[in-house]
Amino acid sequence: MTTPDLEALSAMTREYAAFQARKSGLATALGGLMAVLFLTAPMYVDALGIRLMGRYLLEYLLLAPFVWLALKTILARVLYRDLGKVKGIPDAAYERRRWFWILGIALFIGAFLVLCILGFASGFLHAIPAGACMTMPSLGALWLPLLYIVPTPWLLRGIEEARAYAVLVGECMLWFLASFLAFWSVRPYGSPSMEIASTVVQIVLVLLLLAILIWSALAMVRGWKEHREYLALLRTLPRES
Amino acid sequence: MGKTETNPKTILDLDRTVHEPARLAILTVLASAEEVAFLFLQRVTGLSKGNLSSHTQKLEAAGYLDTVKVFQGRIPVTSFRITEDGRTALRAYHQQLRALLPKEGKP
């Protein structure tokens, strides 16, 4: 029997259990990739006009966080369990941090919607006239982002996952506002709104988009690195005697 | 008797169920998680199926682990959990062994 020392055995077990409980590896990388795709896809001039099965492309893009959650769940069932299930010892501090992120996402969505309402009330935001672009009613759609909060307690297992979800949801909120709810100009709908948005708004948006791009790149690297760590862990295990 | 001298009785007091290398490895792995699948335990300890079964049976008989058997579809899956007695025995074994070993720098 070639048994590694006891400290290494313990570390390997904890590491393997972490992959099943909170490390998402390739799912994080996928989240980064999706964040880049969904950031750049609607930037094409004609993206708003593309229709698929009677609906606009952007309407499908808003489902991105749910698509990622579904793909992540499938990946978690397929990957990181080559040697069966290992349930880690619950970590109360980590669990608190996870809930902090879930609460943060909920607060972000809540604050975003409150700001939207204030924007409408102050006249900074203007509702898209019904039927002008999308099939959905404009202001009536305000409650829809709340759906992003619903699956979080069950499906976000780790902090890396919560980060990826927060970025995807943040992006979707931007597109959601731009496509369904409002434009921030006094010009009639149909003129490009970015063109006449105030310089501050434009700078804030560019910084936000840059931050998303940087995070996405880091997430892809981190996810891939985690996946490699898992493969390395499998390689260090002794062969069956 | 000097402080550094080893009391032979203490060596004989070591829990032999835990002292056996394979069983010590099994208990160490189980103590690092809440529940561990048979397959993982087998790979991480490097034991054969038969050997692992035999050692886990001994540990179960000593009350140091519980066997959990569930079905995933039609496939039976065996997992193990360390019991509170198992944790206590492992901790006690570590303490005993540490006390028995000479301090660093002393023969």
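The values are calculated or read from the model by the stated rules, or taken from the named source; none is laboratory data. Remember, predicted model here, so these are calculated numbers, not experimental data. Reconstructed Cβ throughout: ideal geometry from the backbone, glycine too, with neighbour counts over all protein chains shown. Calculation scope for accessible area: heavy atoms of the full protein, side chains included, ligands and nucleic acids excluded. Shrake-Rupley method; radii C 1.70, N 1.55, O 1.52, S 1.80 Å.
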Q.
For region A:4-35, give me the residue count where each residue is open to solvent by less than 40 Å² (accessible area, probe 1.4 Å) and either more than 14 Å from chain B (Cβ to nearest Cβ) or not in a helix (DSSP H, G or I) (or both).
A. 10
**Q.** Subset of region B:15-46 [part of a loop (DSSP other than H, G, I, E, B) and in contact with a helix residue (DSSP H, G or I) (Cβ under 6 Å, 6 or more places away or on another chain)]
**A.** B:D15, B:S32
Q | Subset tally (residues that are within 13 Å of another protein chain (Cβ to nearest Cβ) and either closer than 11 Å to B:F80 by Cα or acidic (D, E) (or both)) for region B:25-65 | A | 14
Q: Mind listing just one residue for me: the one in region B:13-24 that is open to solvent by less than 30 Å² (accessible area, probe 1.4 Å) and within 12 Å of chain A (Cβ to nearest Cβ) and, of those, farthest from the chain's Cα centre (by Cα)?
A: B:A22
Q: Kindly indicate whether any position in region A:90-103 is touching a residue at least 24 places away in the same chain (Cβ under 8 Å) and under 30 Å from B:K69 (Cα atoms).
A: yes
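Working carefully through the options B:T67, B:T10, find the one that is open to solvent by less than 70 Å² (accessible area, probe 1.4 Å), assigned to a helix (DSSP H, G or I) and over 23 Å from A:F19 (Cβ atoms). It would help to see each step written out before you state the result.
Numbers: B:T67 fails: assigned to a helix (DSSP H, G or I).
Step by step, each of B:T67, B:T10 is checked, and only B:T10 is open to solvent by less than 70 Å² (accessible area, probe 1.4 Å), assigned to a helix (DSSP H, G or I) and over 23 Å from A:F19 (Cβ atoms).
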Q: Can you work out which of the residues in region A:62-93 that are hydrophobic (A, V, I, L, M, F, W, C) and touching a Cys at 6+ places or on another chain (Cβ under 7 Å) is farthest from the other protein chains (Cβ to nearest Cβ)?
A: A:L62
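Which of the residues spanning region B:83-100 are of a type in the set (A, V, I, L, M, F, W, C), open to solvent by less than 50 Å² (accessible area, probe 1.4 Å) and out of contact with any Asp or Glu (no Cβ under 6 Å at 6 or more places or on another chain)?
Step one: filter region B:83-100 for residues of a type in the set (A, V, I, L, M, F, W, C), giving B:89-90, B:92, B:97, B:99-100.
Keeping just the survivors that are open to solvent by less than 50 Å² (accessible area, probe 1.4 Å) gives B:89-90, B:92, B:100.
The answer is B:L90, B:A92, B:L100.
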